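Okay, so here's the structure we're looking at.
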Amino acid sequence: MHVRAPHLEGVRPLSLPIFQTSSFAFTDSESLADALAGPDGSYAYSRYGNPTTRALEEAVADLEGGVAAVATASGMGAISSVLLARLRSGDHVIVQSALYGGTVSVLRDLSERFGIEVSYFSGAADELAAAIRPNTKLLYLETIANPTTRVNDLPALAAIGRDAGLTVVVDNTFASPMLCRPLEHGAHIVLHSSTKFLGGHSDIIGGVVVFAEEEHHRETWHQVVDYGASADPFAAWLTARGLQTLSLRQAKQCANARVLAERLSEHPAIGAVRWPGLTSHPDHETAVKLLGDFGALVSFDIAEGHEAAVRFLERVRLATLAVSLGGVETLVLQPSSSTHRQLDASGLAAAGITEGTIRMSVGIEHAEDLWADLAHALG
């Protein structure tokens, strides 16, 4: 993936420069006013737009097949900006049950503060159709669910949403554009925590939103600018740098995930393994049709429960106990006490998470070294 630098006086730098400036100078006030008016003009103030940030936006929009993109200061900035831009008091949202805990928290806040109604569904098409109301405005999905790795039938669900006049939003963080391009399957808006696979080196916090329609782009851009969720140029530069090795990194990560998922599924200490590439996965057939590969996230349940999961996390040496995912290193965590700590017992059960669940983001280390570490930690 090439991230194209802007042309400078007839030449183009081979490497994208960092335009580390807060503001840009003008010779006339009319040009300044025009630059502040929208997302596609000149540059006036880096909260509104910046050449480094725009290069990243154009690259990700191209990868996802969208008309435009907006880079944000975090993945949650991307999620919140889209929801705030598209929803009004009294609106109804339908979201999948297995969902990132931060997204659940934002939806809960919108519900409590602004009277936005939220309904959860399992991912079944008939259940989605039955949940639609006259005030339903938005359908929110994840390509690969966090942390259960359930894979949505995006074409079927997006078609139902579009037919009902809903805005279809898909969090594509776990898949990335290398594995799936949701806009091609009917989504209106795709978003990423670029902290994860797009950046890929655990050194930035960022997000990006990609749009199938210019109207949604402008609407969300205004939200990002007004609420101060814009990406920092240096973080955008690091993300763009990571983006260039995305296909190489993710191919290795997916290959490693296959080795570990297959071996974990045969280990006596493991009660269940969830990775879409396994034929035992409930959405394996959907994943085969939808995804270019099966991802680098493996979720598994340690049969003896919470205490055994804690011991496992304390015993790993090559894998690292840390939040986040998608980097070159393998990370493990217990979702019930970290990424999904916002959920109560019933919420965890609905999301398919147990006290013994481990989420593993597989890195690019040697697969045999990783397996030796996991086998040792499992005892």
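Plainly put, the range 217-325 has a radius of gyration that is 1.09 times its Kirkwood radius, both from alpha-carbon atoms, as the Rg/Rh ratio.
Seen from every direction in turn and averaged, the convex hull around the alpha carbons of the range 47-170 projects onto 8.2 nm². Counted by Cβ distance under 13 Å from N172, the other residues give a net charge of -2, where Lys and Arg count +1 and Asp and Glu count -1.
Considering the chain at the alpha-carbon level, its Rg and Dmax are found to be 20.9, 72 Å. Dipole magnitude for the chain: about 340 debye, using +1 per Lys or Arg Cβ and -1 per Asp or Glu Cβ, origin at the Cα centre.
Note on the chain: helix-only mean residue ellipticity at 222 nm, from DSSP H runs of 4+ residues weighted -39500 (n - 2.57) and normalised by residue number, equals -11500 deg cm²/dmol. Across the range 32-77, the volume of the C-alpha convex hull divided among the residues equals 77 Å³ per residue. For K196, the lysines whose Cα falls under 28 Å of its own Cα, not counting residues fewer than eight places away in the same chain, are K252, K289.
How much net charge surrounds A129 when only the other residues with a Cβ under 14 Å from the Cβ of A129 are counted, with Lys and Arg +1 and Asp and Glu -1? After counting each charged neighbour, the total is -2. Based on Cα contacts under 8 Å between residues 6+ apart, the chain shows a relative contact order of 18 percent.
Computed on the Cα trace of the range 29-243, the radius of gyration divided by the Kirkwood hydrodynamic radius gives Rg/Rh = 0.96. The distance between label points at D40 and A272 comes to 4.7 nm (points 7 Å beyond Cα on the Cα→Cβ vector).
What FRET efficiency, computed as 1/(1 + (r/R0)^6) with R0 = 51 Å and r the Cβ-Cβ distance, is obtained for E30 and R133, rounded to the nearest 0.05? The calculated FRET efficiency here is 0.60. Since only A319, A375, G292 are under comparison, the one whose Cα sits farthest along the positive direction of the charge dipole of the range 246-378, derived from C-beta charges on Lys, Arg, Asp and Glu, is G292.
Read the figures in this text as sums done on the coordinates, not as results from a lab. Note that the structure is predicted; figures quoted are calculated from it, not measured. As a convention, Cβ positions derive from the backbone with ideal geometry for all residues, glycine included, and neighbour counts pool all protein chains shown.
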